[in-house]
Amino acid sequence: MTVVGSDSLAALLADKSVLPDGWRPVFERVAREEFVPDRVWPEDGDVVVDRRRDPKAWRAAVYSDRALVTQWDDGRHAGDGAGRLATSSASAPSTVAEMLFDLDAHPGMRVLEIGTGTGYSAALLAARGCEVVSVEIDPELAEQARANLARAGYGDAVRVLTGDGTLGHPGAGPYDRVQVTAGVRRIPAAWIEQARPGAVIVMPWGTDHTTGDCSLRLVVDADGRSASGPFTMATAFMKLRRQRPDRRHYGAASLPSDWAEAAVASTTSLGWNDVVAGPFDPVGFVLGLHVPDCLAQPAPDGHGGGTLWLHAADTGHGHSTAAAGFAPGHTPNILQSGPRRLWDEVETAWCWWDGQGRPTVHDFGLTATLTTTTDTAAVEQLAWYRDRNHPLAPLVHDVRPASTATVSTGA
C-alpha cells in the first residue's frame, strides 16, 4: 500500500526538482496535514473534500501537489459547493517550495511573513531555524493558524499577529527576509522600510489586467530606499484584501445605456486569443505592465470570442472605458470613451511584445522606490525589460500617511 505523508510529499517535490538545497528534511519534518482544515476544495474542482466523510480522499488531497481552497468569501460561505470568491488557501507545495527557493532564508534569519493562512509556510521557515513574525488580517484564520502551529510544535517559534499586513510589524524589524503569500498590486512602503539593506522580499505581484500573478524577487538596495529584482514564475494567489477589485462592478452593466452611442468606434487586426489568454500566459501580464491602472474584464461568449472590457478609474479627467468585441468570422468591433484610449494602449503594447519575440515573464522585473515626504509614504513601482536600466512606464503608487497604526497581537 502506498504511504501518503510528509515523506512522500518531500519525495514528490524532489522529483519535480523544486526543493531548495537543505529543505528536504524540513518538508519531511513538517506535516502538511497539521495545517489543513477538515473541509477543503482542491483547485481542480468545486466540490468539497471532507475529512470526516472521506478521510482517504482528504489525505490524498493534502499530500498532492495541489492548492486547496480553505475559505470562500472571507468566511461567509456555507455549503459543499464553491463560493463566489476564494479568499484563503493552502498553496500548492511546489509553489511554496519555489517561493522559498527565491526567499533563500537561512537559520537565524528574521523573517516577516504577510498572510499566515494555515500557518504551514511559517512552520517550514521555523523548522528551518528562522525567527518568524507572521501577520494575518482575518482574525479567525489567525487564531486557527496559532492552534495549528501549537499542535505541530511551532507555537513558540512563530509569532502570529492579527492585523493589516500592508503595515508590516516594525516592532520586530528590521527583517532579513519578507515573504508575502497574497497577491500584490501596490507594494506597501512598510515592507521596504522594515527590511534591512540587502534583504530579500518575495511576493506574488501583478496588475489588474489579469487575475494571475508572477512571483517577484526583490533585493533591498544598500541605501534601504528601493528594492529591485526579476519576476521568476507565473502563479496565482488570493489578493490582499485592501487591493482586490470587485469585478462585479465592471462591464456592460456598469455603464450608462447610451455609452455605445457616445463612444469612438474602430476595428483591429488582433483576435480574441491574442489578447485574452490563460492565467499563466505571459501576454496578459505584459499588457498589464504597459497599460497601467487598467482593469481588464473578459466576457467570453462560449463560441471562441466575446468582449474584452477595459476600465481606468477617474483621475480627475473622467473615467475611461473600452470594449473590444470579437466573434469568429467577423471583424472585431472596438468602442472607446474617456480621456484614455485604452484599446489603443493595449494594441500598442501587444505589438511591442510581439515585435520583441514575445518574451516571457522571466524577461521582466520591477524596481520599487520609497518617495517618502513628511506627510506621506509612497512607493513608485517601475517595471523594466531585461534589466532595471530599461524601464517601462511608471505603474501605480501605494500612498499612506507617514505614521501607521501598530498591528495587534493575538492571544
Okay, strands (runs of 3 or more DSSP E) sitting entirely in the range 181-287 with 3 or more residues that are more than 30 Å from Ala142 (Cα to Cα), I get 226-235, 264-266
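Given the structure, is Arg177 in a helix (DSSP H, G or I) and either in contact (Cβ under 8 Å) with a residue 40 or more places away in the chain or aromatic (Phe, Trp, Tyr) (or both)? Quick ask: steps written out before the conclusion?
On the way: in a helix (DSSP H, G or I): no; either in contact (Cβ under 8 Å) with a residue 40 or more places away in the chain or aromatic (Phe, Trp, Tyr) (or both): yes.
So Arg177 fails the test.
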Restricting to the range 361-390, name every residue that is exposed (fewer than 14 other Cβ atoms within 10 Å of the Cβ) and either under 24 Å from the mean Cα position of the chain (by Cα) or hydrophobic (A, V, I, L, M, F, W, C) (or both).
His362, Arg386, Asp387
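Taking Ala296, is it small (Gly, Ala, Ser), under 21 Å from Arg186 (Cα atoms), in contact (Cβ under 8 Å) with a residue 12 or more places away in the chain and not in a helix (DSSP H, G or I)? If you could, list the steps in order and put the result at the bottom.
Details: small (Gly, Ala, Ser): yes; under 21 Å from Arg186 (Cα atoms): yes; in contact (Cβ under 8 Å) with a residue 12 or more places away in the chain: yes; not in a helix (DSSP H, G or I): yes.
Judged against the criteria, Ala296 is a match.
For the structure I just gave you, tell me whether Gly153 is in contact with a Leu (Cβ under 8 Å, 6 or more places away or on another chain) and within 21 Å of Leu124 (Cα to Cα).
On the way: in contact with a Leu (Cβ under 8 Å, 6 or more places away or on another chain): no; within 21 Å of Leu124 (Cα to Cα): yes.
Spelling it out, it is not the case that Gly153 is in contact with a Leu (Cβ under 8 Å, 6 or more places away or on another chain) and within 21 Å of Leu124 (Cα to Cα).
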Would you please name the residue that is farthest from the chain's Cα centre (by Cα), looking only at residues in the range 119-145 that are of a type in the set (D, E, K, R) and assigned to a loop (DSSP other than H, G, I, E, B)?
Arg128
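Read-outs throughout are calculated quantities, based only on the coordinates presented, and are distinct from any laboratory measurement. Just so we're clear, the structure is a prediction, and the values are computed from it rather than from any experiment. A quick note on method: Cβ atoms are made from the backbone with ideal geometry, for glycine too, and the neighbour counts reach across all protein chains shown.
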